[in-house]
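Read through the structure below, which is laid out as structure tokens, and then see the notes.
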2 protein chains.
Amino acid sequence: MRVVQKFGGSSVADAASIKRVAQRIVATKEQGHEVTVVVSAMGDTTDELLDLAQQVSPNPRAREMDMLLTAGERMSAALLAMAINDLGHTARSFTGSQAGVITSEKHGDARIIDITPGRIESALEEGDVVIVAGFQGVSQSTKDVTTLGRGASDTTAVALAAALGAGYCEIYSDVDGVFTADPRIVPGAHRIPEIGYEEMLEMAANGAKILHLRCVEYARRENVPVHVRSSFSDKPGTWVKHIDEEDSVENPIITGIAHDRHEAKITVVGVPDRVGAAAEVFTTVADAGINIDMIVQNVSVEGGTTAISFTLPQSDGAKAREALEAAQGSIGHTQLIYNDKIGKVSVIGVGMRSHPGVSATAFRALAEAGINIEMISTSEIRISVLVDVDDLDKAVRACHTAFGMDADGEAVVYAGTGR
Amino acid sequence: MRVVQKFGGSSVADAASIKRVAQRIVATKEQGHEVTVVVSAMGDTTDELLDLAQQVSPNPRAREMDMLLTAGERMSAALLAMAINDLGHTARSFTGSQAGVITSEKHGDARIIDITPGRIESALEEGDVVIVAGFQGVSQSTKDVTTLGRGASDTTAVALAAALGAGYCEIYSDVDGVFTADPRIVPGAHRIPEIGYEEMLEMAANGAKILHLRCVEYARRENVPVHVRSSFSDKPGTWVKHIDEEDSVENPIITGIAHDRHEAKITVVGVPDRVGAAAEVFTTVADAGINIDMIVQNVSVEGGTTAISFTLPQSDGAKAREALEAAQGSIGHTQLIYNDKIGKVSVIGVGMRSHPGVSATAFRALAEAGINIEMISTSEIRISVLVDVDDLDKAVRACHTAFGMDADGEAVVYAGTGR
């Protein structure tokens, strides 16, 4: 079977780690698989290169930044190939460009347009282990080297798995898999043996750092099973895969609790209560290139004005405030309130489609814990609430307990899904 | 005019150096030239990468070594482009492969086969400064990344200058040019304003480190004028160019004194005095992939045996001895003597073609200095002698003085060549 494995920066942080990863790859190869490996830059390499660029230029051009940063994965790929060669197998490293990772031309945040894996196919057919530098590709239009955005080696791996017709894609990192909640916050959190693509998308979009959103989207679109697991143990991790809803009647209603402490809330006060006022606010923010998350428009109070609140990434806070201040003349608001001392907790599970009362359970749990809810948003399979950042950990624990997810250990398995 | 400039590792050792080099490049651009720059890896980067490889693998595959090492020039090229962009000009970096440096497939020591500079031409026509990662190319047959051997960025620069039809190629380093002898040994040594390709070839082949042999060979074949100069000053350096011998009647007989302390001498003792014995010795050494330099075969002594001495790079000493010891059965010699405490001094100048007595002058000078000559070899424009390494500096000084080359300073210019 063809298999794609991806190893993150912490798995190849130094020579000893690289040799250990090489052994794991060779073990997979010796099970009879055709192995393609995607690798990130070693440990802090990318940060060091960013620092170097900063020393040279306050505002480096994105094209040159990509040329610089892609050196990191090139080095780790070559070193990993060397280590595998020492174990009696032949390995060949390829840059993203050589591997046929064709992208859009947006430097620093390019999208994969196509994979043309001719050189990889040849190498696999010759019995070689293939090592591909992650996070990078080549622009279809300009033929320049591009990067896919930080952490996008996961996406490279899933895209290659789809293009090569691999049976599955393994994403190795320093965590054991996807958990029902962050174990650093919830001691009773436990590993989820398998999770559907949609639930994983909600987890990733709402603060779970384990897989990148684009990677999960790609896996869902191409139906690639992804095994998220630790490179530091042989334990199984979490399978992210298509789960037939019919098979999942025995599943719990809620799959996991995600949280995010990197959002901020902006309240636009005193907006004249007229048609199009809200549209004007959000057009202003969108034109500044900012994605917003939750939105609440207050009921109009006396005086004919209303207040509009929304959340956005903290990193976009300054830009959004500038844009709104510049547009004050046309929007007509009286004040902006910015608050980055907030946190978002999200309760996620496909079971809530068929089980009413999930939000009631969540809100009651938060109330009993004495936590005030500032905003609410929902999707078909998710309920998110905004709380004071000081209450966030308590809120995560309260929800985890309320849905009966606490376990004394992994032995008390949370769900059987027929696997 | 099109101009190619090459900057070595010490010229781009850190962010401050890179910014200084960027200013020099921009100054050339603002003189109205189309500028292509070839850059080496920053300072110790290549050594650090070699060290990293050594930690991972005792004997890394050459293909992967090239993949690893080429990251060095990629980084410096991108950083240099960033620095130029900050000075109000547009610069684009290219890898060797992108720049069209097509090579043989011998990893670690590939030869340039062709330059297809389509992307460089386009960038120059759009008014950009072009930065090319030196020392690297892409194999014509395998499409894999290759390196040209250490220090070969000079060759990349000259090859690009030829392919682009550049008016000249500037090689920037941390020395002021080519000197009549190593100024650390001969206080009266002075800069040579211009030197012919053949003399420069002899200088490079006999220990002058300033330009690599292959670079000079390429420049001669393609008739590219090369300006060797310091990146730390604006002083003119040395022009390596075609010099009409008719123009050079006023030139001194001797152009410079080169020396080399990295050779060793092997004496094969007791070789049976029969036809083909010498051929067998040198075939053995050649089959081990070793280039030899000077050769002396002693007159046959009584007993029907002879001794054969030759010199070779010290780094090949162990390999040569092993090969000869393995062949002792067929060669029939009785003993090998290895001596790496030797040094070679070479007196170089086209003038010796038309002036007899040069060797007599050299040998007399060495004799008067009390220096014993161990071996002698000559070319049409060079006399080399092998001496004890402890006598080497004295030998260089004696020759420099004997040919009237000592100057009190650069003001006492050594030669007018009509330039």
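The values are calculated or read from the model by the stated rules, or taken from the named source; none is laboratory data. The structure presented is a predicted model; accordingly, all values stated were derived computationally and were not measured. Backbone-built Cβ (ideal geometry, glycine too); neighbour counts: all protein chains shown.
Just checking, how many residues over the range B:43-59 are more than 24 Å from B:K143 (Cβ to Cβ), outside any helix (DSSP H, G or I) and either over 29 Å from the mean Cα position of the chain (by Cα) or charged (D, E, K, R) (or both)?
The first filter runs over the range B:43-59 and keeps only residues more than 24 Å from B:K143 (Cβ to Cβ), leaving B:43-45, B:47-48, B:50-52, B:54-56, B:58-59.
From what is left, the residues that are outside any helix (DSSP H, G or I) are B:43-44, B:58-59.
Subsequent filtering for residues that are either over 29 Å from the mean Cα position of the chain (by Cα) or charged (D, E, K, R) (or both) retains B:44.
Counting residues in the range B:43-59 that are more than 24 Å from B:K143 (Cβ to Cβ), outside any helix (DSSP H, G or I) and either over 29 Å from the mean Cα position of the chain (by Cα) or charged (D, E, K, R) (or both) gives 1.
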Of everything in the range A:208-236, what is buried (at least 19 other Cβ atoms within 10 Å of the Cβ), in a helix (DSSP H, G or I) and among the charged types (D, E, K, R)? Give them in sequence order.
A:R214, A:R220
Of the candidates A:S93, A:S76, A:S57, A:S40, the one satisfying the condition of being closer than 19 Å to B:M75 by Cα, crowded, with 21+ Cβ neighbours inside 10 Å and away from chain B (no Cβ under 14 Å) is A:S40
When you go through A:V35, A:V4, A:V26 one by one, which is the residue that is over 20 Å from A:H212 (Cα atoms), outside any helix (DSSP H, G or I) and among the β-branched types (V, I, T)?
A:V35
What number goes with the only condition from (1) touching a Leu at 6+ places or on another chain (Cβ under 6 Å); (2) crowded, with 18+ Cβ neighbours inside 10 Å that A:I292 does not pass?
(2)
Are there any pairs with C-beta distances below 6 angstrom linking a residue in the range B:292-315 that is more than 16 Å from B:A205 (Cβ to Cβ) to a residue that is at pLDDT below 85 and not aliphatic (A, V, I, L, M), with the two at least 6 apart or on different chains, and if so which?
B:S300/B:D273; B:G304/B:D273; B:T305/B:D273; B:T306/B:D273; B:T306/B:N298; B:T306/B:S300; B:A307/B:N298; B:I308/B:Q297
For the range B:18-35, state whether one or more residues are out of contact with any Asp or Glu (no Cβ under 8 Å at 6 or more places or on another chain), modelled with pLDDT of 95 or more and under 26 Å from B:H107 (Cα atoms).
no
Test set (1) of a type outside the set (A, V, I, L, M, F, W, C); (2) out of contact with any strand residue (DSSP E or B) (no Cβ under 9 Å at 6 or more places or on another chain); (3) at the interface with chain A (Cβ under 10 Å from one of its Cβ atoms); (4) without any contact (Cβ under 8 Å) to a residue 40 or more places away in the chain - B:D47 fails condition number
(3)
Is one or more of the residues making up the range A:302-323 in a loop (DSSP other than H, G, I, E, B), under 30 Å from A:V387 (Cβ atoms) and touching a strand residue (DSSP E or B) at 6+ places or on another chain (Cβ under 7 Å)?
no
A:I84: among the hydrophobic types (A, V, I, L, M, F, W, C), outside any strand (DSSP E or B), within 12 Å of chain B (Cβ to nearest Cβ) and farther than 22 Å from B:G96 by Cβ, yes or no?
yes
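Suppose we filter the range B:60-69 for residues that are in a loop (DSSP other than H, G, I, E, B) and more than 7 Å from chain A (Cβ to nearest Cβ); how many remain?
Matching residues across the range B:60-69 total 0.
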Scan the range B:151-207 for residues that are more than 30 Å from B:I253 (Cβ to Cβ) and either of a type in the set (V, I, T) or part of a loop (DSSP other than H, G, I, E, B) (or both) and jot them down.
B:G151, B:A152, B:T155, B:T156, B:G165, B:A166, B:G167, B:D174
Taking A:I84 as meeting all but one of (1) more than 24 Å from the chain's Cα centre (by Cα); (2) closer than 20 Å to B:E73 by Cβ; (3) buried (at least 24 other Cβ atoms within 10 Å of the Cβ), write down the number of the exception.
(2)
